[in-house]
Amino acid sequence: MKSRMSIAVLALMTLPVLANASCDAVKSDIDAKIKAKGVNNYSLEVVPADQADKNGGKVVGHCEGTNVIVYTRGESKSNDDSSGTAPAAPLPTRSGQAGG
């Protein structure tokens, strides 16, 4: 009986640790899930929870207690490589022009 009680206490003690997960870990997990669905051109930003509605995106995760991860479609606003944004394709060249 004591071992069951101690297991339950240990499980309850780990819940706050899970709720305060590292933003980098949560962001990379969400990034992997989005990429697995074949989505390109998006950004994930970690912002304070009270600033989430100002970004115009959708809250897709919570981390470190007071921060949220916001998903925004379109080009990335940051320069990091983990945003999932593909580089711009080169402009097509004209075919049929007389070459010199």
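Here, each number is a calculation from the coordinates, and none is a lab measurement. Everything numeric here is computed off the predicted structure, so don't read it as measured data. Neighbour counts are summed over all protein chains in view; Cβ atoms, including those assigned to glycine, are modelled from backbone coordinates with ideal geometry.
Below is a table of values for the structure above.
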read-out	value
Cα coordinate range in segment 22-78, projected on the principal axes (Å, largest first)	30, 22, 17
Extension gain (nm, one decimal) between residue 34 and residue 46, 0.36 nm per residue minus Cα-Cα	2.7 nm
Test item: Cα-centred dipole of segment 22-78, Lys/Arg +1 and Asp/Glu -1 on Cβ, debye	300
Label-to-label distance, nm, for residues given as residue 24 and residue 58 (7 Å Cα→Cβ offset)	2.8
